[in-house]
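Worksheet: one structure, shown below.
The values are calculated or read from the model by the stated rules, or taken from the named source; none is laboratory data. Keep in mind the model is a prediction, meaning the values are calculated, not measured. Cβ placement follows ideal geometry from the backbone for every residue including glycine, while neighbour counts extend to all protein chains displayed. Surface areas here come from the heavy atoms of the whole protein model, side chains and all, with no ligands, DNA or RNA. Shrake-Rupley method; radii C 1.70, N 1.55, O 1.52, S 1.80 Å.
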Amino acid sequence: MAAFAVRKNKEISLIKIKRCAGLYLLVFPAIILSFCFAYLPMYGVIIAFKDYRNALGILGSPFSDPVFRHFERFFNSFQFSLVIKNTITISFYHMLATVPLPIIMALILNQMKSKVFKKTFQTISYMPHFISTVVMVGIILIMLSPGSGLIGHLFRLFGKTAPNLMGMPEAFSSVYVWTDVWQHTGWDSIIYLAALSAIDPALYEAAIVDGANRWQRMWRIDFPMLLPTACILLILRAGNIMNIGFEKIYLMQNPLNRSASEVISTYVYQTGIINAQYSYSAAVGLFNTVINLALLLTVNFISKKLNETALW
């Protein structure tokens with residue numbers, strides 16, 4: 001009887017596969033690309049446990065003695081506490097600013113009555129997202145220049161000397177985070193607007209009949225409907241807490257603010273690409289990946305227990 005059930009399930013699965021053969025064919029190139037560029041290169045991570053030499057290659061290079069020597073070197077280095085502190089500080093600051101603001105913007109846009117104003121506001125808020133990182137950092141440097149920038153001119157109007165914000169370590173995280181908020185908040189709100197558009201209009205009609213005002217409808221209907229989407233995005237962000245953006249930080253970095261701007265990604269670039277310490281930089285990168293994986297699994301588990309929303 002059990003064998004018959006198994007055979008029946010296999011037949012049903014084959015029928016489903018044949019029925020969706022066209023869809024599987026469309027997905028197949030993406031699977032091949034992901035395997036070639038995301039999974040196949042993973043074998044190279046073994047150089048984190050080796051003393052890599054260019055002439056010998058990845059497989060030919062000898063294993064380090066002890067095997068975890070490069071990890072121990074990173075943990076014992078004077079840069080370890082600085083890099084970890086900067087990475088965590090900027091990442092959490094970034095999350096605190098960029099997670100709630102797109103939700104608030106989506107809720108406000110959803111309540112707008114004028115379609116013309118709503119579309120105009122959306123277009124203006126989306127536009128900064130399409131500015132490249134290099135151009136964005138160029139704008140930041142020009143605007144914040146104490147000599148010729150907007151900040152410098154404003155301070156001189158009042159007879160003051162403008163501070164060099166890009167040279168102040170204590171100001172680096174705020175400049176990074178709030179310019180990111182300006183650039184991406186409008187774009188990040190799109191997914192929340194999509195979730196709000198799927199709400200049954202009958203819920204609003206029933207709330208109006210019951211006497212609920214606009215703020216009550218937002219709190220009792222819109223916000224609860226956004227929670228599952230917000231939880232999923234929060235889980236995905238938690239898996240990248242230690243992967244704070246390399247390009248923007250590296251372009252904003254200078255000798256004056258390096259004590260606050262040196263994060264794991266820039267440290268890996270400096271040691272691996274600039275100083276050619278490939279095994280050491282691979283060990284640091286692998287440590288970073290393991291921490292991100294642990295955070296992703298933890299937040300996913302907590303979210304599943306609290307509100308039954310999770311990635312798996």
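Okay, here's what the table says:
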quantity: Accessible surface of the chain, 1.4 Å probe, proportion on carbon and sulfur as whole %; calculated: 70 percent
quantity: Cα-derived Rg over Rh, computed across region 219-269 with Rh taken as Kirkwood radius; calculated: 1.26
quantity: Among L297, L157, L227: highest mean-square fluctuation, GNM of the chain, C-alpha pairs under 10 Å; calculated: L157
quantity: Using alpha carbons only: equivalent-ellipsoid semi-axes of region 87-127, gyration tensor based, whole Å; calculated: 28, 11, 4
quantity: Per-peptide average of other Cβ atoms within 10 Å, ordering 30-38, 140-148 highest first; calculated: 140-148, 30-38
quantity: For T161, solvent-accessible area (1.4 Å; no DNA, RNA or ligand), Å²; calculated: 130 Å²
quantity: Neighbourhood net charge (14 Å Cβ-Cβ; Lys/Arg +1, Asp/Glu -1) for G60; calculated: +1
quantity: From the C-alpha gyration tensor of the chain, square roots of 5λ in Å; calculated: 39, 37, 18
quantity: Under 18 Å from the S259 label point (7 Å along Cα→beta-carbon), backbone N, region 163-203; calculated: 164-175
quantity: Ellipsoid equivalent to region 142-292 - semi-axes via the Cα gyration tensor, in Å; calculated: 41, 28, 10
quantity: Probe 1.4 Å, protein heavy atoms only - accessible area per residue of the chain in square angstrom; calculated: 62 Å²
quantity: Listed residues E205, E262, E72, E308 arranged by accessible area, highest first, probe 1.4 Å; calculated: E308, E205, E72, E262
